[in-house]
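In what follows, a structure is listed as C-alpha cells, so that the remarks can point back to it.
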Amino acid sequence: MSLEVNIPVQVEQPTELPDEDFMTNPSLAMDACFTAFDKDGDDRLSLNEFTLICRALFRNDKGHIYVVPSDRLEQMFAVFDKNEDGYIDREEFQFCWNQWIKTIVRPISAFLIVDVQNDFISGSLNISNCSAQQNGLEVIEPINKLLDTVDFDAVFYSLDWHPSDHVSFIDNIKQRPIHPTSPLNADNAQVYDTVIFAGPPPMKQRLWPRHCVQDSWGSELHKDLKVVEHGVKVYKGTNPEVDSYSVFWDNKKLSDTTLCAQLRLKGSTDIYVCGLAYDVCVGATAIDALSAGYRTILIDDCCRGVDLNDIESTKQTVISSNGVIVSSREVKAMVEGRDRRPELGYKLAMELKNSESDLSKNNACRRQSQQQQQQQQQQPSQ
C-alpha cells in the first residue's frame with residue numbers, strides 16, 4: 001500500500017503534546033493526545049494527522065521543528081497501522097503511545113564512558129603518538145561536566161582489563177602460531193600491523209603495545225576523571241585469546257560483558273557513548289549498541305581517536321545506522337526529553353518491528369514496572 005504525505009508549504013503551528021502527567025494519568029494523557037491530533041474527528045489518525053504528531057514531537061528545546069523525510073514518516077506510520085487500513089485507530093494508538101511516544105518524551109538514559117585509562121592518555125598506548133595525534137586528556141573536562149550537570153539514569157565506566165599473555169600484545173606474538181595466509185609473520189610484524197593467528201579458527205588480530213594489564217597503573221581510570229558513587233565498572237578484554245574492543249561483546253562475539261544485563265535491569269532506552277579511542281573501542285561500542293536496538297548518541301567532543309580516516313568512517317557508520325552525533329552541550333536537553341531527534345524516533349519505530357531487540361524487551365520491562373507502580377498507588381492504605 002502506498003501512502004502519500006501532503007504537507008503544505010505553509011503549515012500552521014502544530015498542536016502541542018498534552019501536558020497531563022504520564023504516570024499519574026496515563027490513559028487521560030493518551031486520550032488527550034489522540035483527540036488533539038484527530039483533526040477531522042473521525043476517531044482515527046490519518047498519515048497527515050500522524051505527521052502533525054511528528055512535528056510536535058520532533059523539536060528541540062528552543063522550539064525548532066526537525067524535518068522528517070516523507071519516506072520515513074510513511075515507514076513509522078506503517079509500524080503503528082497494524083491492520084494496514086491506512087489509519088491508526090485508538091487501539092493501535094495505545095501501542096504507539098506506550099512504546100514510542102512515551103520513550104521519546106521520557107527516555108531512560110545511560111552514560112557509557114569508554115576506557116579513559118592511564119595507558120591511553122600518558123602510558124604505553126598514549127593515543128597522541130598515533131597518526132591522528134589527538135590528546136586523550138582532553139576528554140576528561142567535558143565528561144566531568146556532563147557528570148556534574150546531567151541527571152543520567154545510569155553511568156558506566158568500561159576498562160580494558162587484559163591478562164599479561166593477551167593476544168593483542170605485540171611482545172606476545174611468538175606465543176601463538178601464525179596462519180600461512182597471514183601477510184606478516186612473527187619476525188617482521190610491527191606495532192599496529194595486523195596478522196592472522198592460526199587458531200583454530202584462523203583469527204585476524206591487530207597488534208598493540210602491551211597496555212592496560214590487570215591491576216597495573218596503566219589500567220586504572222585517570223585520576224582526574226570523576227567517578228560517581230552509583231557508577232558501574234565494566235571490565236573487558238579479560239580472555240587472553242580474544243580481543244575486545246566493544247563494551248558489549250568480545251571481537252568474536254563469543255561472550256558478552258555484564259553491560260547487557262545491567263542495561264536491561266535499568267530499562268535503558270538511550271545510550272550516550274564517549275571516551276577512548278574514538279575509532280576503536282568507542283566506535284565498536286556505539287555500533288554494537290545500535291545493533292542491539294538502543295537509541296545511540298555519540299558525544300563527539302568527549303572522544304579522541306587513533307586515525308582520522310577511521311574516525312570519519314566510525315561517524316558515517318553510526319549515522320547510517322540511525323545513531324546521532326552531538327556535542328556535549330546538546331546532551332542535557334536530550335536526556336531531559338526537551339530535544340527530541342527524529343533519527344532516534346525512527347530508530348525506535350524500526351526496533352518496535354523486532355520484538356526480540358533489547359530495546360523492545362526493555363520497553364516491555366519498563367511498561368510492566370510502571371503498571372506495578374500504578375497498582376501499588378491505587379491500593380488503599382491499611
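Residues whose amide H comes within less than 5 Å of that of TYR192, counting only those at least five positions distant or on another chain, are LEU207, TRP208 (H built at 1.01 Å from N in the peptide plane). Under the criterion of Cα pairs below 8 Å and six or more residues apart, the relative contact order for segment 148-217 equals 34 percent. Helical runs (DSSP H, four residues minimum) scored at -39500 (n - 2.57) apiece and divided by the length of the chain put the mean residue ellipticity at 222 nm at -9500 deg cm²/dmol. Per residue, the Cα convex hull of the chain amounts to 177 Å³. Proximity of backbone amide H atoms, modeled 1.01 Å from N, is registered between LEU298 and VAL273, VAL324, ILE325, VAL326 at under 5 Å, excluding neighbours fewer than 5 places apart on the same chain. Does segment 238-316 come out rounded, prolate or oblate, given a ≥ b ≥ c as the square roots of the eigenvalues of its C-alpha gyration tensor, rounded meaning a/c under 1.5 and, failing that, prolate meaning a/b above b/c? Oblate. Calculated FRET efficiency, LYS233 to LYS39, Cβ-Cβ distance, R0 = 51 Å: about 0.50 to the nearest 0.05. Karplus-based coupling profile of segment 167-184, in residue order and whole Hz: 5, 7, 7, 5, 6, 9, 4, 7, 7, 10, x, 8, 6, x, 7, 5, x, 10, with θ = phi - 60° in 6.51 cos²θ - 1.76 cosθ + 1.60 and x standing for Gly or Pro.
Compared with the dominant principal axis of the Cα atoms in the chain, helix 342-352 is inclined by about 90°. Backbone phi angles across segment 263-275, fed through the Karplus curve with coefficients 6.51, -1.76 and 1.60 (θ = phi - 60°), yield HN-Hα couplings of 5, 5, 4, 7, x, 4, 10, 10, 10, 9, 10, 7, x Hz in residue order; Gly and Pro are listed as x. In percent, rounded to a whole number, the relative contact order of the chain is 19, using alpha-carbon pairs under 8 Å and six or more apart.
For the pairs LYS102/LYS223; LYS236/LYS332; LYS204/LYS226; LYS204/LYS233; LYS62/LYS226; LYS145/LYS252, flag any whose C-alpha to C-alpha distance is greater than 32 Å. As for pairs spanning more than 32 Å Cα to Cα, those are LYS102/LYS223; LYS204/LYS226; LYS145/LYS252. The label-point distance for GLN190 and ARG338, in a model that sets each label 7 Å from Cα toward Cβ, rounds to 5.2 nm. Here is the P(r) of segment 74-202: all C-alpha pair distances, binned every 10 Å from 0, give 10, 22, 19, 17, 18, 13, 2 in whole percents. Working from Cα pairs under 8 Å separated by at least six residues, relative contact order for segment 41-138 is 20 percent. Taking the chain as a Gaussian network of alpha-carbon nodes connected by springs under 10 Å, the highest mean-square fluctuation of the residues PRO342, PRO142, PRO69 belongs to PRO69. Report the residue, chosen from ILE88, ILE297, ILE104, that carries the largest GNM mean-square fluctuation when the chain is represented by alpha-carbon nodes joined by springs under 10 Å. Among ILE88, ILE297, ILE104, the largest GNM mean-square fluctuation belongs to ILE88.
Net charge in the neighbourhood of LYS82 (other residues with Cβ under 14 Å of its Cβ; Lys, Arg +1, Asp, Glu -1) is -3.
The residues neighbouring TYR157, those whose beta-carbon lies less than 14 Å from its own, together hold a net charge of -1 under the Lys/Arg +1, Asp/Glu -1 convention. The long axis of helix 308-320 is offset from the longest Cα principal axis of the chain by roughly 30 degrees. Modelled label positions at GLN94 and ASN309, each set 7 Å beyond Cα in the direction of Cβ, lie 5.6 nm from each other. Amide H contacts of ASP243: ASN251, each under 5 Å away and 5 or more positions distant or on a separate chain (H built 1.01 Å from N in the peptide plane; Pro and chain starts excluded).
Taking every alpha-carbon pair within segment 183-337, the share separated by more than 21 Å comes to 52 percent.
Each residue of segment 35-45 is assigned a 3J(HN,Hα), and the resulting list reads 5, 4, 9, 7, 5, 8, x, 8, 6, 7, 10 Hz, derived from the Karplus form 6.51 cos²θ - 1.76 cosθ + 1.60 (θ = phi - 60°), x at Gly and Pro. Grab the other residues whose beta carbon is less than 12 angstrom from that of ASN309, score K and R as +1, D and E as -1, and report the net. Once all neighbours under 12 Å are counted, the net charge is -3. In this label model, GLN175 and SER128 are separated by 3.0 nm, measuring between points 7 Å along each Cα→Cβ vector.
None of the figures in this text is laboratory data; all of them are computed from the coordinates on show. Being a predicted model, the structure only gives us computed values, none of them experimental. Cβ sites come from the backbone with ideal geometry, for glycine too, and all protein chains shown count toward neighbours.
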